[in-house]
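Q: Structure below; questions to follow.
The values are calculated or read from the model by the stated rules, or taken from the named source; none is laboratory data. Everything quoted here is computed from the prediction, not taken from an experiment. Cβ sites come from the backbone with ideal geometry, for glycine too, and all protein chains shown count toward neighbours. Only protein heavy atoms, including side chains, enter the accessible area calculation; ligands, DNA and RNA are left aside. Shrake-Rupley method; radii C 1.70, N 1.55, O 1.52, S 1.80 Å.
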Amino acid sequence: MASQKDLVIQGDVFAGLNYLQDESIAVAVTSPPYWRQRDYEFEGQIGQEDTPEEYIGRLVAIFGSLRQKMHKNGVFFLNIGDKYFHRYGKSHLLQIPYRLAYHLIKDGWQLEDVIIWYKLNYMPSSVKDRFTNTYEPVLVFTRGKDNIYRAFKRKETNVIRIPLQQTPWKHTAVFPEKLVEELLLRIKLEKGDIVLDPFAGTGTVGAVVKRLRGDVLPSEVNFVLIEKGSSFIDVIRERTHIRNVMGVGDESYSWKAAKEEDLPEIEPEIVAEDRHGEVYFADSSSEFLSALRGISTEEFRSFHRKNALYFFGVIRWNIDDLYYIHTIRKIGYVLRNMLIASNGSGWFPIFMFASDSTRIAYRFYLDRVRVKPKTLENRNWWTEGFISLKVRDISGKRTREGRLAQVIRRYADGFPKIVAVRWDDRTSLELVLHPGKDELLMEGLTFRCPRCGARLEEPYDPAGGNSCRKCGKRLWMDLSSVPHVEEPKEVVEAIKEIEALDYSYGEADVEKTHARRSSRSKFSELSRLNWGASPGARKLIIGEYFTKMRLYRIDQPMIAQYLNLLRKSKSMTIQDVANSFPPSYLYTVGHWFRKDFGGSIPIPEDIPLLKNVFGAEDGLLCIIERTALKFQTVRTSPKGKNPGDFLEYSDLDHLEEYLRKLYMPSSEYLRHMNVP
């Protein structure tokens, strides 16, 4: 039975706070509605303001009222998530939690700590031009330095690892009970203390207090919940067993949009080490803000490529650093991530940003750092069965599935190298990437000057000025100045071997297919295979399969430039090219010729049509037509999991190396990976 002192107030949050006595609350724990996150379908709700500044200003007013209700030594835990200005595209991260913190400090609060809540089971994301969001901050505010958070603070880390919590209600609770419990254990509550949640939602704070009361919390600790939504009140009743809910009416209150400040006029520091991007870790806030001022200078802009990517961090940070980073939008940059770098005991922020250009896409090679599936070490490939293993073809417009029918060639360690795959209506021979070197082969293209043959460290710059550093020849001016491309020797040899096999792609009767080098049919047993009982079928149970995908990673702007040169060589407009394709390509073809974030690379099945339109049979068209099979060991993204914006590190050198891999050119990356 809940204590009679527990209270649920239904109504407007400001009116609910005004009902409470001044200095009556020991601790407040809340997570208000995020800006533009969800419509709760009642008038006057928080979170539907037109601008982030209005949202922040309104919360400042509400939490100003809350401060009057807090004990002088009380603590306010505020969990609030960030948002991007636009949901899709190259949008700016708004830094809402830290901008709010900045204005709350100006309003009279003291920021005692910023705890990072890392979500162990964070929601996956399909984004490819930034890291997936995996954490949220919990801002710890007090009325002054003499408070129960500082008095009771133990040696805990300010990083909390807690998974999202599934609930029987509408959605996954973004405010799990374990998080509330962890926060309450970081203070010492006394008999008669009250815990408040002014944005109660489904009543998580009340449910936790009720469960911990008489155990780790004094039995006389009570809770107050304020919530306006009727549907949530029903859930609160169910979770806390409170039947009597007190209603309050709406009260008008004044608030105004937050007035943001520009970065102070300080002496700039120019960070200019690498034209392709920078990884810079400032030791102090003053160093960081000086470097931030430096990015507005012409010296910084002219030194770096237009598609450069930047990672600026600050080790001994303060709230000014987390606040002023949002101002880079005014000077032509876009903030894509605030990464959290944690060494186990604490954390510091690293801001990933790029030029806010609609013409040129920044380089971000996410595939180089994706979290790989299960380890493949210490496996004897000679003894493992692959026949009938599922093959998912994701290289086309529609995903299709086939089965591995025959292993024709193997690598030295027994892993399949050339295989036959049986689809619904045909069989194809496929190159398989070895899991130990697939990343290196996918980045293994070499580009050479068409005049002198020198290897080009940077084969194409979409901002212009492309020329060979050895002989000075201008590149990408017409088809004759397009760099020559070389594929890895291992791939070339495998392709020649596949072409040497007496096999016609699309031949449905696999029993008639032979290899010239063998006197026996290599496919004679296919019709008698029992797919369900095979070793390959059993591998599916543990989540292993092959994915057919584009073989090479290649920058989209380079392909767009090549297609534009092909188009101009035929005196064709983009519309002329589009008219040469079936009607279903009406809204697709134009994107192939764009070099910005709206650009895309033709998929392999489009290449025969392009070859026919342009009369081209070799060059980069053949390169982007290549496909291969890649071994997958878990049911996840074929390329691996986006590692997320929470980075654990042991030393700064390795952290810098990790970040540099995200933008370094392929030639440098291969040298970095010790590939000759």
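Q: Can you find even one residue in region 146-158 that is assigned to a loop (DSSP other than H, G, I, E, B), open to solvent by 40 Å² or more (accessible area, probe 1.4 Å) and at pLDDT 95 or above?
A: Going residue by residue through region 146-158, those that are assigned to a loop (DSSP other than H, G, I, E, B) are 146-147, 153-158.
From what's left, open to solvent by 40 Å² or more (accessible area, probe 1.4 Å): 146, 153-156.
Next cut, at pLDDT 95 or above only: none.
No, region 146-158 has no match at all.
Q: Return the residues of region 290-322 that are charged (D, E, K, R) and part of a helix (DSSP H, G or I); say none if nothing qualifies.
A: Scanning region 290-322 gives R293, E298, E299, R301, D320, D321.
Q: Here's something else I'd like to know. How do the pairs read when you match residues in region 431-459 that are under 20 Å from R379 (Cβ atoms) and hydrophobic (A, V, I, L, M, F, W, C) with residues anywhere that are outside any loop (DSSP other than H, G, I, E, B) and modelled with pLDDT of 90 or more, using Cβ under 6 Å and keeping only pairs 6 or more apart or on different chains?
A: V432/P416; V432/K417; V432/V419; V432/L629; L433/A628; L433/K630
Q: I'd like the full set of residues that are farther than 30 Å from R305 by Cα, open to solvent by less than 20 Å² (accessible area, probe 1.4 Å) and either among the charged types (D, E, K, R) or not in a strand (DSSP E or B) (or both), limited to region 419-464.
A: Within region 419-464, W423, E430, L433 qualify.
Q: Shifting gears a bit: Considering every residue within region 417-430, establish whether at least one is within 24 Å of E490 (Cβ to Cβ), at pLDDT 95 or above and of a type in the set (G, A, S).
A: Checked region 417-430: at least one residue is within 24 Å of E490 (Cβ to Cβ), at pLDDT 95 or above and of a type in the set (G, A, S).
Q: Sort out which residues of region 75-91 are assigned to a loop (DSSP other than H, G, I, E, B) and hydroxyl-bearing (S, T, Y), and write them in order of number.
A: Within region 75-91, Y88, S91 qualify.
Q: Being open to solvent by less than 20 Å² (accessible area, probe 1.4 Å), assigned to a helix (DSSP H, G or I) and closer than 20 Å to V205 by Cα is true for just one of I56, I115, I62. Which residue is that?
A: Working: I56 fails: closer than 20 Å to V205 by Cα; I115 fails: assigned to a helix (DSSP H, G or I).
Every option except I62 fails the conditions.
Q: Filter region 228-277 for residues that are within 30 Å of F303 (Cα to Cα) and of a type outside the set (D, E, K, R) and give the result.
A: Within region 228-277, L263, P264, I266, P268, I270, V271, A272, H276, G277 qualify.
Q: So, V127, is that one of a type outside the set (S, T, N, Q), in a loop (DSSP other than H, G, I, E, B), farther than 19 Å from E648 by Cβ and in contact (Cβ under 8 Å) with a residue 40 or more places away in the chain or not?
A: Taking the combined requirement at face value, the residue satisfies it.
Q: For region 226-259, give me each residue that is surrounded by 14 or more Cβ atoms within 10 Å (Cβ to Cβ), among the aliphatic types (A, V, I, L, M) and touching a strand residue (DSSP E or B) at 6+ places or on another chain (Cβ under 7 Å).
A: Across region 226-259, the qualifying residues are I226, I233, I236, I242, V245, V248.
The rows are residues; the columns are (1) of a type outside the set (F, W, Y); (2) at pLDDT 95 or above; (3) open to solvent by less than 40 Å² (accessible area, probe 1.4 Å).
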residue	(1), (2), (3)
E261	yes, yes, no
E267	yes, yes, no
A272	yes, yes, yes
G277	yes, yes, yes
Y280	no, yes, yes
S285	yes, yes, yes
S290	yes, yes, yes
T297	yes, yes, yes
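Q: With (1) farther than 24 Å from L104 by Cβ; (2) surrounded by 15 or more Cβ atoms within 10 Å (Cβ to Cβ); (3) in contact with a Gly (Cβ under 7 Å, 6 or more places away or on another chain) as the list, and F223 as the residue in question, which single condition is left unmet?
A: Looking at each condition in turn, F223 falls short on (1).
Q: Next up: Hey, any hits in region 472-491 for a residue that's within 23 Å of W382 (Cα to Cα) and either without any contact (Cβ under 8 Å) to a residue 12 or more places away in the chain or open to solvent by 20 Å² or more (accessible area, probe 1.4 Å) (or both)?
A: So the first thing to find is which residues in region 472-491 are within 23 Å of W382 (Cα to Cα), and the list is 490-491.
If we keep only those that are either without any contact (Cβ under 8 Å) to a residue 12 or more places away in the chain or open to solvent by 20 Å² or more (accessible area, probe 1.4 Å) (or both) too, we end up with 490.
Within region 472-491, one or more residues are within 23 Å of W382 (Cα to Cα) and either without any contact (Cβ under 8 Å) to a residue 12 or more places away in the chain or open to solvent by 20 Å² or more (accessible area, probe 1.4 Å) (or both).
Q: If you scan region 323-354, which residues turn out to be open to solvent by 10 Å² or more (accessible area, probe 1.4 Å), modelled with pLDDT of 95 or more and among the polar types (S, T, N, Q)?
A: Within region 323-354, T327 is the sole residue that qualifies.
Q: Which residues, counting only those in region 383-418, are more than 11 Å from K548 (Cβ to Cβ), part of a strand (DSSP E or B) and out of contact with any helix residue (DSSP H, G or I) (no Cβ under 9 Å at 6 or more places or on another chain)?
A: Of everything in region 383-418, just one residue is more than 11 Å from K548 (Cβ to Cβ), part of a strand (DSSP E or B) and out of contact with any helix residue (DSSP H, G or I) (no Cβ under 9 Å at 6 or more places or on another chain), namely V407.
Q: Looking only at region 288-316, how many residues end up being in contact with a His (Cβ under 9 Å, 6 or more places away or on another chain) and touching a residue at least 60 places away in the same chain (Cβ under 8 Å)?
A: 4
Q: Counting residues that are closer than 30 Å to F311 by Cα, which strands (runs of 3 or more DSSP E) fully inside region 185-289 reach at least 3?
A: Per the criteria, 277-284.
Q: Continuing with this model, one more query. When you scan region 550-625 for helices (runs of 4 or more DSSP H) that lie fully inside it, which ones turn up with 1 or more residues that are of a type in the set (S, T, N, Q) and surrounded by fewer than 16 Cβ atoms within 10 Å (Cβ to Cβ)?
A: 556-569, 574-579, 607-614
Q: Search region 68-117 for residues being among the hydroxyl-bearing types (S, T, Y) and at pLDDT 95 or above, and hand back the single one that is farthest from V159 (Cα to Cα). It would help to see each step written out before you state the result.
A: Taking region 68-117 first, the residues among the hydroxyl-bearing types (S, T, Y) are 84, 88, 91, 98, 102.
Filter once more, keeping what is at pLDDT 95 or above: 98, 102.
Details: Y98: 17, Y102: 21 Å.
Among residues in region 68-117 that are among the hydroxyl-bearing types (S, T, Y) and at pLDDT 95 or above, the one farthest from V159 (Cα to Cα) is Y102.
Q: Within region 570-580, can one find any residue that is in contact with a Ser or Thr (Cβ under 8 Å, 6 or more places away or on another chain), among the polar types (S, T, N, Q) and at pLDDT 70 or above?
A: Looking for residues that are in contact with a Ser or Thr (Cβ under 8 Å, 6 or more places away or on another chain), among the polar types (S, T, N, Q) and at pLDDT 70 or above, one finds none in region 570-580, hence no.
Q: Check whether at least one residue in region 313-322 is crowded, with 21+ Cβ neighbours inside 10 Å and small (G, A, S), and report yes or no.
A: Yes, the conditions are met somewhere in region 313-322.
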